[in-house]
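Here is the structure we will look at.
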Amino acid sequence: LDILCPEVFLSYQWGSICDYHPDGSPIFSTQKLVKDVRRKIEMRADVLCWLDVEGGLSAGQDHVRQMAEGVEKAFVAVIFLSDAYVNSMNCKREIHCAIEGRKLIIP
């Protein structure tokens, strides 16, 4: 049951490790940027964003299906293009879903 569906789907490839959290877990360059963009969009535009690492994916579930559902339910897909993005199978699936679903795509 989705009470509030994210209107904006954020599609990106995590990027390279740029730093580490105090607990030793890695911080990825593009992921860090996208998290910041998400916060700004949600605060300034008052819309919800789908982001894989912050509630978009559930542990133990089919991540490919969850990503596809995230795209299907959104009105807009924001694509963070990079060399790594165009070489990622997951990213290719996401942009394909956005095109097939006739979503507004913002590169």
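When you filter the chymotrypsin sites (Phe, Trp or Tyr not before Pro) in segment 15-107 for DSSP loop state and at most 15 other Cβ atoms inside 10 Å of their Cβ, you are left with F75. Simple rule: put +1 on each Lys or Arg Cβ and -1 on each Asp or Glu Cβ in the chain, find the dipole, and look at P6, L48, F75; the Cα lying farthest toward the positive end is F75.
The phi torsions of segment 37-50, fed into the Karplus equation with coefficients 6.51, -1.76 and 1.60 and a -60° offset, translate into couplings of 4, 4, 4, 5, 4, 5, 6, 7, 9, 6, 10, 9, 10, 8 Hz, rounded to whole numbers, with Gly and Pro shown as x. Angle of helix 89-100 to the longest C-alpha principal axis of the chain, folded into 0 to 90 degrees and rounded to 10: 20°.
The convex hull built on the alpha-carbon positions of the chain has an orientation-averaged projected area of 7.4 nm². Taking amide hydrogens as placed 1.01 Å from N in the peptide plane, the amide H of C18 sits under 5 Å from those of I27, F28, S29, each at least 5 positions away in sequence or on another chain.
Apolar share of the accessible surface for the chain: 57 percent from carbon plus sulfur atoms, 1.4 Å probe.
The values are calculated or read from the model by the stated rules, or taken from the named source; none is laboratory data. Please read all numbers here as calculations on a predicted model, not as lab measurements. Here Cβ is always computed from backbone atoms with ideal geometry, including for glycine, and neighbour counts include all displayed protein chains. Side chains are part of the model used for accessible areas, which takes the heavy atoms of the whole protein and leaves out ligands, DNA and RNA. Shrake-Rupley method; radii C 1.70, N 1.55, O 1.52, S 1.80 Å.
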